[in-house]
Amino acid sequence: MSTGASSGGPVNRRHFLRQGARTAALAGGGVLLGLLVGRTSARGTVWQIDPQKCVRCGNCATSCVLKQSAVKCVHAFSMCGYCQLCTGYFEPAPNDLNTGAENCQCPTAAIRRTYVEDPYYEYTIDERLCIGCAKCVEGCNQFGNGSLFLQIRHDRCLNCNECAIAKVCAGDAFRRVPVNQPYLLKAISH
Amino acid sequence: MTTPGPRAAYWEYVDSLVLATALGTALWLIYTRRSRRGLIALSIFSLIYFGFYRKGCICSIGSVQNLAMALFDNGYAAPVSAIAFFALPVAVALFSGRAFCSGVCPHGALQDLILVKPLKVPTWLEQGLSVLPFIYLGAGVLFAATGTTFIICQYDPFVPIFRMSGRTFMVLSGVALLVLGMFVGRPYCRFLCPFGAILKLAGTVSARRVRVTPDLCTQCRLCEASCPFGAMRTPETGRPAPRDLPSERRQLTLALMVTPLLIFAGAWGGLKFSPTAAMLHPSVNLAHEFLANQGKPAPTGALSPADLELQRARQNPRETLVASAKVQHRFDMGTTLFGAWIGLVIGAKWISLRLRRTRTDYEPDRGDCVACARCFDYCPNELVRRGVISPVKEPATTTL
Ligand code: SF4
Ligand code: SF4
Ligand code: SF4
Ligand code: SF4
């Protein structure tokens, strides 16, 4: 029966060893922290897609940890040609230039096509429906102006410690960007 | 086009502050209040805040990878929160044991709260499995330092539960661990958690320790089987019977001599393993695909992600190969060290099993105890302290 600390030799020796190890750990940890703090990013970062590197592989729709991906298509209106035959909107060789699902690229009908004036049409993305599959982006990049592109939406993204899509992105397009510039846009627009 | 901003940067500091406060509260509950009930409340808070609200990201368990990557990759800077989430719990553990595990870690809290009927894990199995966290830690550091992937995050069983979303395999393994955790106390903490491994080492040398009894251990043995996590230790004399002395000495010498061999064997095996491990790195993988498909015509029609990646390599063959060679070189170094680490871990475990300790009381192991405060309730002295029972006058004649 004892309270531990007051007994004889081995306990004291162990106490001493423990203290030594603790001091060593603290010193080592201090050096490590010094090294790290020197190059820490006080700002913090978030994940984003570089639209110039994206090759529209389709992984964005399927690899995010969220069941509906945090990646969505955005539209740089200032780059858009307002084409009547939008290759982002229509399937290649559509039956008809109307909103019928069989004619459209988008699997979830997330793109709205509205008449502006002959022969111009405006295309807007319904972000609630977009799943980030990049089908329209591919179409727009192949034959159009490339005004449709993918971005991680930060209202949805959990900013995972390591983005699950980044590891499988065929274009190696993901990177950490400073939190105060969270988007990599193709053009400045409203 | 709408561009909603990310969670503001100051939240990093808020998270770190919540962590520091929770750690302080845990210390107070363990050592001053000695209150299991308080720790349950803290666990529920942590589970809700760090788990379901912050969705398990950022977390201490994964932070070691951020640190490893920041040390070896000049292009990457660890965020403030990652450093705080790593350093604070370790610093606390160095002085006062695993207060972080007691009720701050959402993973620990989740497993602690669902425990219904703990079964005892056989000692040989417990000892054997307890080297896994150290190996997992080594693997996590290896793959983070080489910039490959954060395996500790990728294979985290509970984060998919916090997010209520994730890869099917990980959701299933999370559920499986939870079911297991109803009967085996904290299976992830004891047999997998890499941060737990660090805290265990820190706890082993801690200044203050968790004690079952508030004052004197009367050797009543009531707490002997109280710990659901296999952390309770019984008194030991530290001296073997004279007859066993030579054989025990021999066994210890053997362990001491074999350990360096284990380390060398590990390093050798690690180097052999390097090309395989490096294939997990996207650059190395791509270079391999590129070389394997050289001379074949480019695919036409609808391209798969793999085809598109290959196309990227074909546009830049030199760059692809150089990047891959660089990573491979790092892996040669990394896997050698990792192999040596595995050897060291196994050797150290072996040696520790051969060492004799002097222990006069029933007390929790400094490293294994997660400071859950369950065993306190078993101690009659503790019950006296709380006024649940009144102290019994000892009979005047004590028999020896
Ligand atoms: S960081 Fe996470 S939530 Fe955000 S896009 Fe990547 S996988 Fe999805
Ligand atoms: S994973 Fe990469 S290449 Fe594929 S669609 Fe997303 S950003 Fe583009
Ligand atoms: S051992 Fe790991 S998972 Fe368990 S409470 Fe500690 S840090 Fe959390
Ligand atoms: S406080 Fe007691 S019951 Fe809880 S882990 Fe430590 S030794 Fe086990």
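The values are calculated or read from the model by the stated rules, or taken from the named source; none is laboratory data. Fair warning: this is a prediction, and the values are worked out from it, not measured in the lab. Counting neighbours? That spans all protein chains shown, and the Cβs are built from the backbone with ideal geometry, glycine included. Ligands, DNA and RNA are stripped out before the accessible areas are found, and what is left, the full protein with its side chains, is counted by its heavy atoms. Shrake-Rupley method; radii C 1.70, N 1.55, O 1.52, S 1.80 Å.
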Q: Could you tell me what percent of the DSSP beta bridges with both partners in the protein assembly as shown are antiparallel, to the nearest 5?
A: 95 percent
Q: Give the accessible surface of the protein assembly as shown per residue, rounded to a whole number of Å², with probe radius 1.4 Å and ligands, DNA and RNA excluded.
A: 50 Å²
Q: Measure of size requested: the Rg and Dmax of region B:245-354, with Cα atoms as the atom set and Å as the unit; please supply both.
A: 21.9, 76
Q) Comparing the chain by itself with all protein chains present, which residues of region A:135-163 are at least 10 Å² less accessible (probe 1.4 Å)? A) A:Arg153, A:His154, A:Asp155, A:Leu158, A:Cys160, A:Asn161, A:Glu162
Q) So which trypsin sites (Lys or Arg not before Pro) in region B:99-203 end up in coil per DSSP with only 15 or fewer other C-beta atoms within 10 Å? A) B:Lys120, B:Arg167
**Q.** Mean ellipticity per residue at 222 nm, deg cm²/dmol - from DSSP H runs of n ≥ 4 across the protein assembly as shown, formula -39500 (n - 2.57)
**A.** -15000 deg cm²/dmol
(Q) Rolling a 1.4 angstrom probe over the protein chains, ignoring ligands and nucleic acids, what is the accessible area of B:Ile198 in square angstrom, nearest 10? (A) 30 Å²
Q) Where in region B:139-170 does accessible area fall by at least 40 Å² between the isolated chain and the complete protein assembly, at a 1.4 Å probe radius? A) B:Phe150, B:Arg163, B:Ser165
Q: Go through region B:307-321 and flag every residue whose accessible area shrinks by 20 Å² or more with all protein chains in place compared to the isolated chain (probe 1.4 Å).
A: B:Leu308, B:Glu309, B:Arg312
Q. So which of B:Lys55/B:Lys326; B:Lys117/B:Lys200; A:Lys135/A:Lys167; A:Lys67/B:Lys272 end up more than 30 Å apart by C-alpha?
A. B:Lys55/B:Lys326; A:Lys67/B:Lys272
**Q.** Accessible-area value, A:Phe16, 1.4 Å probe, nucleic acids and ligands omitted, Å²
**A.** 140 Å²
Q | B:His288-B:Val322 pseudo-label distance in nm [points 7 Å out on the Cα-to-Cβ vector] | A | 2.3 nm
Q: Pull out the extension gain between B:Thr32 and B:Ile48, defined as 0.36 nm times the separation in residues minus the alpha carbon to alpha carbon distance; nm, one decimal.
A: 3.3 nm
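In whole percent, how big is the carbon plus sulfur part of the accessible area of region B:1-115, probe 1.4 Å, protein atoms only? Numbers along the way, then the final one.
On the way: 2820 of 4030 Å².
About 70 percent, which is the carbon plus sulfur part of the accessible surface.
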**Q.** For A:Glu91, residues with placed amide H under 5 Å, excluding near neighbours
**A.** A:Cys104, A:Gln105
Q | Folded to 0 to 90 degrees: helix A:9-38 orientation relative to chain A principal axis, Cα | A | 30 degrees
Q.
With every protein chain left in place and a probe of 1.4 Å, what is the accessible surface of B:His329, to the nearest 10 Å²?
A. 140 Å²
Q: Would you mind calculating the gained length between B:Gln311 and B:Val384 on full extension (0.36 nm times residue separation, minus the Cα-Cα distance), in nm to one decimal?
A: 18.8 nm
Q. What's the carbon and sulfur percent of region B:245-354's accessible surface, probe 1.4 angstrom, rounded to a whole number?
A. 68 percent
Q.
So, R0 is 60 Å and r is the distance between the beta-carbons of B:Tyr10 and B:Leu252; what FRET efficiency does that work out to, to 0.05?
A. 0.65
Q. Chain A: Rg/Rh from Cα coordinates, Kirkwood Rh?
A. 1.34
(Q) Tell me the carbon and sulfur percent of the accessible area for region A:21-123, rounded to whole percent, probe radius 1.4 Å. (A) 56 percent
(Q) What three numbers, in Å, describe the spread of the alpha carbons of chain B along their principal axes, ordered from the longest? (A) 97, 63, 35
Q: Could you tell me the total accessible area buried at the B-A interface, probe 1.4 Å, in square angstrom to the nearest hundred?
A: 4500 Å²
